[in-house]
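Report on the structure given below.
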Amino acid sequence: MIEYENLGKLNAPFFDEYEKAFKQTLESGWYILGNKVQAFETEFSAYCNTKHCIGLASGLDALILSLRSFDFEKGAEVIVPSNTYIATILSIIHNGLKPVLVEPDIATYNIDPAKIEEKITSKTRAIMVVHLFGKMCEMDSINAIAKKHNLKVIEDCAQAHGALYKNKKAGNWGDFGAFSFYPTKNLGAIADAGAMTTNDSDLADKIKTLRNYGSKTKYYNELVGFNSRLDEIQAAFLSVKLKKLDAINQHKRNLAKLYLSELKSYFIKPVVHPDYFDVYHIFNIRHEKRDALKEYLLQNQIKTEIHYPVAPNKQKAMAGIIDNQITPIAEKIHQTTLSLPISFYHSEQDILKVIEVMNKF
Ligand SMILES: *Cc1c(COP(=O)(O)O)cnc(C)c1O
């Protein structure tokens, strides 16, 4: 059986260093907001080439706090891609704001800059872009639109650790980059964890205050805050894994290259363009008979996933919120997309096997 993912196998190369990091943190007796979090923040901001990184409890929290820090008026609108993971949209709703869906480009699966301006109104305050599957959005066009209309830009980088557009990293283009270290992500912890990057020192300071009960000095509360702290043990693990992030990304790129060159052309493959350094958090193809293909692969001992089976505006939870927004392109993607195995632990042989079976479909 070729599994879609196996987190035990994925993390096996790091077990020895994790055990050392765990023991050291345990014995230090300092478990919340100590030097492990501070060290990881310094290392990750250096990795992303940003001035600041703030460790948080999850990717969703990073998205929520990024919007919260701007204090937009209730009911203000935030532009977001129609085919994103639900977290991006939830972060807007949890701030009392209105998600305005913009359709993706069918070739890149990322928000189509040409469709943004028609959705901007006098209530629009921000654009939340999502670098889906490990490919960055067209950030120069998006930032030009944001500048023209005086909008904030937040990058959802949960699937794009180390991805580049025009040689500049994800998390370094907008007011904020929101990262998730959920275990399956290219840089994954072994529990929930997240972070935010920014080049704005005032915003970094505000997020640091918000994550810790709105407090800079213990028991003195300046803001209506949260408890959203990255913990010391996960930070220590993340520092271990960060050293290998480029190798992880490169391995996934090598596996993607095999799929791209060997899969028959009746599978619609991800586009490749020299402006983009893709990190393939997910390698998806599209096919009209997606469900039959998934079943056929399973019968041939190959597990796949669907990211995602249901478009956000068709989710039960979104009734009365965004279900009146029409998104045919997102729906077409959701009906035809299939994610193939592309873990750090998969070998080239695994991928060649998947290709061989797929090309007989
Ligand atoms: C994983 C993910 C998130 C949420 O991250 P959590 O750490 O699970 O909260 C947000 N956006 C996208 C695009 C994701 O893939």
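The values are calculated or read from the model by the stated rules, or taken from the named source; none is laboratory data. Just so it is clear, the model here is predicted, and its values are computed rather than measured. Every residue, glycine as well, gets a Cβ built from its backbone with ideal geometry; the counts of neighbours run over all protein chains shown. SASA here: full protein model, heavy atoms, side chains in, ligands and nucleic acids out. Shrake-Rupley method; radii C 1.70, N 1.55, O 1.52, S 1.80 Å.
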Restricting region 27-134 to trypsin sites (Lys or Arg not before Pro) in coil, as DSSP defines it, with at most 12 other Cβ within 10 Å: 74
Hey, if we sort 273, 52 by accessible area with the 1.4 Å probe, largest down, what's the order? 273, 52
Modelling each spin label as a point 7 Å along the Cα-to-Cβ direction, I'd like the residue 348/residue 166 distance in nm, to one decimal. 3.5 nm
Quick one: work out the % antiparallel among DSSP beta bridges in region 92-211, nearest 5. 45 percent
How much of the DSSP bridge set in region 153-237 is antiparallel, in percent, rounded to the nearest 5? 75 percent
Can you give me the C-alpha center-to-center distance between region 189-266 and region 73-125, rounded to a whole angstrom? 22 Å
About its Cα centre, what dipole magnitude does the chain give when the only charges are +1 on Lys and Arg Cβ and -1 on Asp and Glu Cβ, stated in debye to the nearest 20? 100 debye
Global form of region 241-317, assessed from the alpha-carbon gyration tensor, a/c cut-off 1.5: prolate
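Grab the beta carbon distance between residue 266 and residue 298, set R0 = 22 Å, and tell me the FRET efficiency rounded to 0.05. Before the final figure, lay out each step's value.
Details: r = 20 Å, r/R0 = 0.89.
Plugging the Cβ-Cβ distance into 1/(1 + (r/R0)^6) gives 0.65.
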Amide H neighbours of residue 283 under 5 Å, at least 5 residues apart or on other chains, H built in the peptide plane: list them. 340
Once label points are set 7 Å from the Cα along Cα→Cβ at both residue 141 and residue 202, what is their separation, rounded to one decimal in nm? 3.2 nm
Amide H neighbours of residue 98 under 5 Å, at least 5 residues apart or on other chains, H built in the peptide plane: list them. 75, 76, 77, 78
Rounded to 5, the percent of DSSP beta bridges in the chain classed as antiparallel: 60 percent
Only Lys, Arg (+1) and Asp, Glu (-1) charged, at Cβ; region 46-106 dipole about Cα centre in debye: 180 debye
Given a 1.4 Å probe and heavy atoms of the protein chains only, how would you sort 164, 223, largest accessible area at the top? 223, 164
Under 5 Å, built H, 5+ apart or other chain: amide partners of residue 2: 302, 303
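How much net charge surrounds residue 113 when only the other residues with a Cβ under 15 Å from the Cβ of residue 113 are counted, with Lys and Arg +1 and Asp and Glu -1?
-3
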HN-Hα J in Hz across region 226-241 - Karplus 6.51, -1.76, 1.60, θ = phi - 60°, x for Gly and Pro: 10, 10, 9, 9, 5, 8, 4, 5, 5, 4, 5, 5, 5, 5, 5, 6
Quick one: grab the alpha carbon gyration tensor of region 291-342, order the square roots of its eigenvalues as a ≥ b ≥ c, and give me rounded if a/c is under 1.5, else prolate or oblate depending on whether a/b is larger than b/c. prolate
May I ask for the net charge around residue 138, where only other residues with Cβ less than 13 Å from the Cβ of residue 138 are counted and Lys, Arg are +1 while Asp, Glu are -1? -1
Let me spell out the model: positive unit charges on the Cβ of Lys and Arg, negative unit charges on the Cβ of Asp and Glu, origin at the Cα centre of region 211-361. What dipole size does that give, in debye rounded to 20? 140 debye
Of the heavy-atom accessible surface of region 57-150 (probe 1.4 angstrom), what whole percent is carbon and sulfur? 54 percent
Under a 1.4 Å probe, counting only protein heavy atoms, residue 157 has an accessible area in Å², nearest 10, of 0 Å²
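Kindly sort 264, 289, 316 by accessible area of their heavy atoms, largest first, with the probe set to 1.4 Å.
316, 289, 264
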Given only helices, namely DSSP H runs of n ≥ 4 each adding -39500 (n - 2.57), what is the per-residue ellipticity at 222 nm of the chain, to the nearest 500 deg cm²/dmol? -11000 deg cm²/dmol
What is the Å³ per residue value for the convex hull set by the Cα atoms of the chain? 133 Å³
Formal net charge of residues neighbouring residue 226 (Cβ-Cβ distance under 10 Å; K, R +1; D, E -1): +2
Taking only pairs that are 8 or more places apart or on different chains, how many Lys pairs in region 201-250 have Cα atoms under 26 angstrom apart? 6
Per DSSP, loop trypsin sites (Lys or Arg not before Pro) in region 191-256 with at most 11 further Cβ within 10 Å: 218
